[in-house]
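Notes follow once the structure below has been shown.
Nothing in this text is a laboratory measurement; each read-out follows from the coordinates by a stated rule. Here the structure is a predicted model, which is why all the values come from computation and not from measurement. Neighbour counts run over all protein chains shown; Cβ positions are idealised from the backbone, glycine included.
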Amino acid sequence: MQFLSSSFVILWVICFALYYLVPKKWQWVILAAASGLFYVIGTGGIPVGLLLTGAGAYACGIYLKRSLAAQGQALSACVEKEKKKTVKQGFERRRKRVQILYFVLGLGILLFTKYMVVLLPFLQNAGLTGLRADAFFARVVMPLGISFYTLTAIGYVVDVGREQCGAQENFLKLLLYLAYFPAITQGPFHRYGKLQEEFERPHVFDYERMLFGVQRFVWGAFKKLVIADRINLFVGSVFGGGGNAAPGSIYALAVVLYMLQLYADFSGYMDMALGVSETFDIILPENFRRPYFSKSVAEFWRRWHITLGTWFKDYVMFSFVMSSAGRKIGKGAKKRWPKMGKHVTGIIGTMFVWLLTGAWHGRTVSYLLWGIYYGVIMCVSLVLEPQYALWREKLHIKESRLNGLFCMARTWVIVFFADVLIRAESLSQAGQIYRSLLLDFRLREGVFDVTSYGLSKYGFLLLAAACLLWLAVSLLEERGKDVRRVLSARPMPVRWGCYYGVVLLLIVTGIYGGSYDTAAFLYQSF
Amino acid sequence: MEEKVLEILEEYCEEALDYTGDNMMEEGVIDSFTVINIVSELEDVFDIEIDAKYVVAENFRNKESIMDLVKRLVDDE
């Protein structure tokens with residue numbers, strides 16, 4: 001079931017009505033039922049993977065809780081400090097083993113299922129699997145939201161083990177956390193402690209909040225249907241051109257537009273997810289903070305898919321660096337290279353996280369190269385950061401608007417070259433695009449031919465107007481203003497004029513129907 | 001102890017010394033790479049082990065919260 005479908009809207013409206021009608025202590029049950037329906041209708045199958053992941057997380061949570069309680073009892077029986085320390089270490093070691101086991105199993109199964117889809121055709125050709133194996137994988141093993149619920153389940157187990165939240169004793173409540181329907185398809189990746197608090201507190205109907213939620217949903221649909229899907233007409237045509245290579249200038253425009261498409265598509269989905277959730281008075285974490293205003297790649301990734309970055313940082317990077325193996329490597333490196341050795345564990349952690357991020361996003365070599373590209377840039381820029389400060393001082397470069405713009409442009413260029421890798425149909429096409437960009441730009445030809453790639457002159461004009469509106473909203477947000485509040489303070493004719501204007505634009509200029517599947521979101525494939 | 005913590009912060013993240021807010025990690029004042037360096041240096045200087053469970057935004061809100069964390073861990077040792 002997709003957000004942009006009548007069945008979803010019906011589910012949302014019914015769930016919304018029941019949610020505020022039932023006694024407050026049962027509100028979470030309505031959300032759990034809606035999430036179950038969303039999942040079962042969406043996949044048309046039994047959520048085996050979700051149930052198994054949930055059962056595993058539930059069992060681990062209960063074990064960790066009991067272990068913490070037993071540790072408390074054992075410690076109160078000890079008098080000597082040394083003895084207490086030994087007892088504590090013993091319990092901690094056992095808890096850590098359980099967390100690591102769940103972590104490795106969860107991530108291993110996720111990566112296995114992701115890559116099995118690629119391996120399956122080869123296995124079938126070799127006669128190693130039955131013909132129905134792909135259907136089995138698609139429905140049972142590789143179901144909706146597997147990335148989402150696997151990572152959130154791992155996060156839950158680790159958080160319980162780290163005593164950052166209590167274990168959930170109600171299996172259905174834990175399932176709701178793992179499969180909360182506005183978030184299960186693409187996130188955001190929420191933290192158990194915070195979301196559970198949201199589910200537990202009573203929610204009272206509020207007209208303004210409902211309006212804000214719906215507005216955010218419509219704004220997300222606008223970004224998706226008017227901007228992202230319109231760009232796709234051009235980008236799809238350029239990259240899917242088969243053997244007919246376009247001039248470098250057309251590729252340059254296509255990649256720039258793809259950067260916007262990916263952002264409009266994914267942040268549009270997030271606006272819809274957060275908007276739906278807001279109508280239930282459940283606040284989900286923001287996943288984007290206008291990343292294209294970033295002045296460095298590190299900042300870009302702090303503003304893009306924030307919750308995934310935080311997940312990898314908290315559960316992979318810090319876990320590795322602060323593990324006994326990480327410490328050993330760090331100490332050895334410091335001894336060997338007194339000056340640079342301190343960076344070694346950070347570099348290994350960063351590269352590992354970026355390789356995983358690449359493997360998580362896609363199943364091809366291009367994605368691994370994409371991960372390595374960002375990992376190397378991050379490591380180099382972080383290690384050289386103190387040096388940059390010295391150079392800036394020597395060259396008398398001061399903080400100014402111009403310098404800020406230069407830094408932003410530098411970030412766009414870095415992202416531009418990375419996006420070629422993930423958008424090109426193959427690694428060889430990516431190579432051909434890089435070559436065209438550098439050696440075969442043909443600007444004049446590109447300008448004359450730009451409308452022969454699936455988007456007319458009026459299509460471009462409409463896209464430019466929609467992007468300008470988006471930019472204006474983003475600039476207001478960048479200045480700390482909530483556009484919905486700014487609008488709600490305006491006189492009624494202006495306010496409703498804006499609301500209807502966006503809805504009208506969405507209806508009239510959104511890309512609907514035809515052979516193109518409007519409902520599919522780009523990030524869903526990750 | 002406070003002086004030593006401040007020295008480490010000065011070496012790895014000078015901005016943290018002037019920071020007056022309470023969300024250094026999420027506001028980008030201190031990135032994960034710097035956190036790793038600071039943690040490693042704190043472990044060496046104070047002879048403590050800082051487990052990953054302590055490396056969370058709450059313990060790295062500002063210089064005061066880092067000092068509190070070190071104090072707690074030194075006392076536990």
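Over all pairs of distinct alpha carbons, what does the Kirkwood formula give as the hydrodynamic radius of the stretch A:180-333, in Å?
The answer is 18.3 Å.
What does the highest-first list of A:390-398, A:378-386, A:342-350 look like by mean Cβ count within 10 Å?
In descending order of packing, they fall as A:342-350, A:378-386, A:390-398.
Efficiency by 1/(1 + (r/R0)^6): what FRET value for A:ARG66 and B:MET1, r their Cβ-Cβ distance, R0 = 45 Å, to the nearest 0.05?
0.80
Any of A:LYS342/A:LYS398; A:LYS25/A:LYS224; A:LYS342/A:LYS481; A:LYS96/B:LYS63 with alpha carbons more than 32 Å apart? Name them for me.
The pairs that break the limit, which is 32 Å between Cα atoms, are A:LYS25/A:LYS224; A:LYS342/A:LYS481.
A:GLU80 to A:TYR207: extension gain in nm, 0.36 nm per residue of separation minus the Cα-Cα distance?
Full-extension gain reported as 39.7 nm.
Taking beta carbons within 10 Å but only from partner chains, what does the mean come to for residues A:316-324?
5
Would you kindly calculate the mean projected area, averaged across all directions, of the convex hull enclosing the Cα atoms of the stretch A:361-430, in square nanometres?
5.8 nm²
Using only the alpha-carbon atoms, how far is helix B:32-46 inclined from the longest principal axis of chain B? Give it as 0 to 90 degrees, nearest 10.
Roughly 30 degrees between the two axes.
Taking a temperature of 37 °C and a viscosity of 0.692 mPa s, what whole-number D in µm²/s does Stokes-Einstein yield for the stretch A:151-234 with Rh from Kirkwood over alpha carbon pairs?
Diffusion coefficient, whole number: 213 µm²/s.
Could you rank the peptides B:44-50, A:321-327 by their average count of other C-beta atoms within 10 Å per residue, with the highest value first?
Per-residue Cβ counts within 10 Å, averaged per peptide and sorted highest first, yield A:321-327, B:44-50.
Kirkwood Rh, the stretch A:195-256, all Cα pairs: how many Å?
About 15.3 Å for the stretch A:195-256.
Using only alpha carbon pairs under 8 Å that are at least six residues apart, calculate the relative contact order of chain A and give it in whole percent.
Once normalised by length, the contact order is 18 percent.
If you take the alpha carbon radius of gyration of the stretch A:322-390 and divide it by 2.2 N^0.38 Å, what ratio comes out, to two decimals?
That works out to 1.26 for the stretch A:322-390.
For the stretch B:2-76, what does the convex hull of the Cα positions come to per residue, in cubic angstrom?
78 Å³
Kindly provide the helix-only [θ] at 222 nm of chain A, computed as the sum of -39,500 (n - 2.57) over DSSP H runs of four or more divided by all residues, to the nearest 500 deg cm²/dmol?
It lands at -23500 deg cm²/dmol.
Looking at the calculated P(r) for the stretch A:293-423, what percent of the C-alpha pair distances fall above 19 Å?
57 percent
Taking θ as phi - 60°, what are the ³J(HN,Hα) couplings along the stretch A:86-91 by the Karplus curve (6.51, -1.76, 1.60), each to the nearest whole Hz, with x for Gly and Pro?
3J(HN,Hα) across the stretch A:86-91, in whole Hz: 5, 4, 4, 4, x, 5.
Let me confirm one metric for peptide A:384-392, namely the mean number of other chain beta-carbon atoms within 10 Å of its residues' beta-carbons.
For peptide A:384-392, the averaged partner shielding equals 1.
For the stretch A:297-343, what value does the Rg/Rh ratio take when both radii are computed over Cα atoms and Rh is the Kirkwood radius, given to two decimals?
Result: Rg/Rh = 1.13.
Given N residues in chain A, what is Rg(Cα) / (2.2 N^0.38 Å)?
Normalised Rg, Cα atoms only: 1.06.
Applying a 10 Å radius around every beta-carbon, put A:175-186, A:46-57 in order of their mean neighbour count, most first.
Order by mean packing, descending: A:175-186, A:46-57.
Please report, in whole Å, how far the alpha carbons of the stretch A:1-95 spread along each principal axis, starting with the longest.
66, 31, 18
Let me see the pair-distance distribution of the stretch A:6-205: every alpha carbon pair, 10 Å bin width, integer percents in order.
8, 29, 28, 20, 11, 4, 0
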